[in-house]
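Readers should treat all values here as calculations from the given coordinates under stated rules, not as data from a laboratory. None of the values given here were measured: they were computed from a predicted structure. Virtual Cβ from ideal backbone geometry, glycine too; neighbours counted across all protein chains shown.
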Amino acid sequence: MAKLLVIDDETATVEMLSTYLQLKGYETAGAYTGQDGLVIARREQPALIILDLMMPFMDGYDVCRQIRSDPSLKDLPIVIVSARTDQKSIDRAMAAGANAYLTKPLDFSQLIAHISQLIS
């Protein structure tokens with residue numbers, strides 16, 4: 001069973017995504033800050049990260065760049081889930097190293113399709 005890490009500063013979002021993913025057969029871990037997400041990613045070595053962009057202190061772009069610069073995490077797939085729908089934000093996330101970009105409200109079937117593709 002693949003472990004997925006959800007990083008979002010909204011507790012409800014982390015809990016909702018974790019519950020949904022567990023029902024789909026995934027093991028999950030959650031983090032509420034970018035810094036905690038990096039610590040957990042290094043410790044847990046998840047199969048994939050689901051990452052919000054708009055977080056205090058360290059935003060999702062910075063988390064993405066740090067993951068890509070860490071030899072132990074650099075190949076880890078990252079799916080951005082954000083309320084930002086503008087092309088500039090999407091381009092910036094992809095340039096930072098994201099593998100996929102989904103917008104809120106989230107289409108869960110799209111999320112599962114991306115996860116399946118990225119960790120198969």
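Structure notes:
- One residue from 109, 89 being outside any loop (DSSP other than H, G, I, E, B) and surrounded by fewer than 17 Cβ atoms within 10 Å (Cβ to Cβ): 109
- Pair list, Cβ under 7 Å, 6 or more apart: region 93-106 residue under 11 Å from residue 51 (Cβ atoms) and touching a residue at least 40 places away in the same chain (Cβ under 8 Å), other residue in a strand (DSSP E or B) and β-branched (Val, Ile, Thr): 93/80; 98/78; 98/80
- Where a residue in region 12-25 is of a type in the set (Gly, Ala, Ser) and its partner, wherever it lies, is outside any helix (DSSP H, G or I), with Cβ under 7 Å and at least six apart: 18/6; 18/28; 18/30; 25/1
- Candidate set: region 65-92, residues that are of a type in the set (A, V, I, L, M, F, W, C) and touching a residue at least 12 places away in the same chain (Cβ under 8 Å); chosen: the one nearest to residue 42 (Cα to Cα): 73
- Residue in region 55-70 that is in contact with a Lys or Arg (Cβ under 9 Å, 6 or more places away or on another chain), of a type in the set (Asp, Glu) and under 11 Å from residue 4 (Cβ atoms) present: no
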